[in-house]
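Here the structure comes first, spelled out in structure tokens, and everything after it is commentary.
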Amino acid sequence: MTFLAPAFLWTFAALAALAMIYFLKVRPRKKTVTAYFLWQRIFTEKKASALFKRLRDLWSLLLMALAFAAVALALAEPDLHGDKREDLLIVIDHSVSMSAKQGGTTRLDLAKEKARSIIKGLHGAQRAAVASFADTTHILAHPTRHRKALLDAVNQISPTQLASRVDALHALQPGSERATKLRMLLITDAALDAGERLPQVEVLRIASDEPNVGIAHADLRPLPGGSDRLGLFIIPVSSFHEEVSCDLLLTHEDSGQLMKVVPVTLKPDENPAITMTLDDAPRGKWTASLSIEDALAVDDTAHFFVAPTEPLPVALAGDDPFFWQQVVAAFERSDQLLTLAEKAEKAKFTLAKGSPPKQGSAIVIHPQAESELWLELGEELPEPVVPQVIAKEHPLLRYLDAETLSYSGAKRLKAPAGAVVLVADEGGTPLIYLLRRGEHTQAVLNLDPTTSRFYLSAWFPVLIHNAALHLANREVMPAATLATGSALRVPGLAEGQSAVLKSSASSTTEIAFTGPETGALNEAGFHEVTIDSGAGQWTAGVSVIASAESLAGSAEIKESTAPLASGYAPSYWLLVGAVVLLTGESILYHRRKVG
């Protein structure tokens, strides 16, 4: 045993003064009385009880001495554990695996109880801070000696459905010389995504031996050969020590119909992929679930959304609408990307040849006449036009060999300020460029499709396909299921456009945001996005797909803590004992006064 404040041991010297008070005898004053026989009986009784009174005073002295000694020891702060009592940073893992059941409770509850025990074991001069950890870290209580503030911080940590990300712990590493003595304690079940990158922390491991299964990877997407043909891909994992059998349930959530039941046998650790083709499978919301009793239920289900085929309605403008009519008809017969809008105001964008539309997004080919989309329109460029690709990674040029296109009929012009030039000739004349005006974007193709016979090129449908998706804000289509914590780039939602997010897990809670991305989707389930007061909708399927979280019981990270005090400090119990002793002495004093 060591003392953290040994200087206070000198307070034991005051015991001598305490003993002197008890042994000091007060000499009574003599006074003449008229009748001695009146006092004789009192003196006789006093002599008879003198021995008892002396014994009672000794008990009182003993209790006072013990109480005083307890206070003196408490001031010296005895340490029974060998803990260095450095300042602590207590980091509590509250990722999804910490919600797993462990002995009738959750791992997170066990971790919080451990943190409370550590906080109660702090001595008076020791500070501590509290942080939570999952895919990010949050400081909930800065270094303080205030135990209630620390306990309140621990109590406010709630479970999440997010996977852990070890790299987030590096943000908590001490950055100053003063903070180098800070002990960082991570309380976790060791279900970490990259344990080998764990920073210099002491790990307090929570038991994680309850077996569990989960879906580590999943996808559901349309297949060629029919509009209602889907392909399913799932990789299940298991932390059971032996093979277990269960059913894989495939449900079409929009109709509530159980579409397929597939018996599966799961081996320990990661299992081979399960793939299957679903015929006559309608698009929309789907779930795939493993029906088994295990430690964690939320990772047993994957949520998918397969978007229905929705052709983009377009309007026609310019000098040769027949050309664009044939283009739209060709796309309508193939992948149903484009269709003619019944009314121009309902069109997503306009296809124009020569003269551009006055407003809205548009694909304009073969610039003619005057327009705000180009400046200093001049004569045709001399042949051959040698293109130079400036922005190879732009979505408009995806899967396109822009340098082999024929740009015959291209004219000399300048792009307006703010335009993004994707392809230009050797002299700097823009050949393909984009111009954004508010919420609308115009794609200008500086070539003559008739002279260049562009419509016969294999790259023509690729370029129109890319441009149509870009103008409709659909160039990046999200996966059928997203991992919890991911943000959704909403198809059809332009930058700066407003939308409302509603989660099926949060009942009626709605969150307004500005496009093109939502915030992090932290709950598994289906999330509905309504664009611009009903202008469009999208659904996101979100799932817990994290192998490390599902396989917490097989993690190899060991506990690595130096001696650490926990529970109430010895000084606390010494002070409690001092109060009990003083209470006993006060009872004796009361009896002495009345007896």
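Here, each number is a calculation from the coordinates, and none is a lab measurement. Since we're looking at a predicted model, the values are computed, not measured. Every residue, glycine among them, receives a Cβ derived from its backbone with ideal geometry; neighbour counts consider all protein chains shown.
Any idea how far the Cα center of the stretch 266-329 sits from the one of the stretch 140-168, in Å?
38
Explain nothing, just the number: relative contact order of the stretch 268-348, from Cα pairs under 8 Å at least 6 residues apart, as a whole percent. Mind showing how you got there, number by number?
Numbers: 75 pairs, mean separation 20.7, N = 81.
Relative contact order, the stretch 268-348: 26 percent.
How charged is the neighbourhood of Thr144? Take every other residue with its Cβ under 14 Å from the Cβ of Thr144, and add Lys/Arg as +1 and Asp/Glu as -1.
Details: positive: Arg127, Arg145, Arg147, Lys148; negative: Asp87, Asp152.
In short, +2.
Can you compute the modelled spin-label distance between Ser291 and Ala14, with each label point 7 Å from Cα toward Cβ, in nm?
7.4
What ranking of Asp269, Asp448 emerges when the number of other C-beta atoms within 10 Å of each C-beta is taken as an exposure proxy, fewest first?
Numbers: Asp269 12, Asp448 22.
Fewest to most other Cβ atoms nearby, the residues stand as Asp269, Asp448.
Got the relative contact order for the stretch 312-471 handy, in percent, Cα pairs under 8 Å and 6 or more residues apart?
On the way: 328 pairs, mean separation 33.9, N = 160.
Worked out over the stretch 312-471, it gives 21 percent.
For labels at Glu517 and Leu62 in the simple 7 Å Cα→Cβ model, what's the distance in nm?
7.5
Can you list the aspartates and glutamates whose alpha carbon sits under 13 Å from that of Lys558, skipping same-chain ones fewer than 8 residues off?
Asp189, Glu196, Glu202
Taking the Cβ of each residue in Ser117, Ser238 as the centre, tally the other Cβ atoms inside 10 Å and list the residues starting with the fewest. Write down the numbers at each step before the final one.
Details: Ser117 14, Ser238 27.
Ascending number of Cβ neighbours within 10 Å: Ser117, Ser238.
Which FRET efficiency value, to the nearest 0.05, do you get for Lys414 and Glu439 by plugging their Cβ-Cβ distance into 1/(1 + (r/R0)^6) with R0 = 41 Å? Spell out each step's value before the answer.
Values: r = 24 Å, r/R0 = 0.60.
Efficiency at R0 = 41 Å is approximately 0.95.
Tell me the relative contact order for the stretch 300-396 as a rounded percent, counting alpha carbon contacts under 8 Å between residues six or more apart.
23
As an exercise, use a Förster radius of 30 Å and the Cβ-Cβ distance of Lys101 and Glu196 to find the FRET efficiency, rounded to the nearest 0.05. All intermediate terms of the calculation are to be shown ahead of the outcome.
Details: r = 28 Å, r/R0 = 0.94.
After rounding, the FRET efficiency stands at 0.60.
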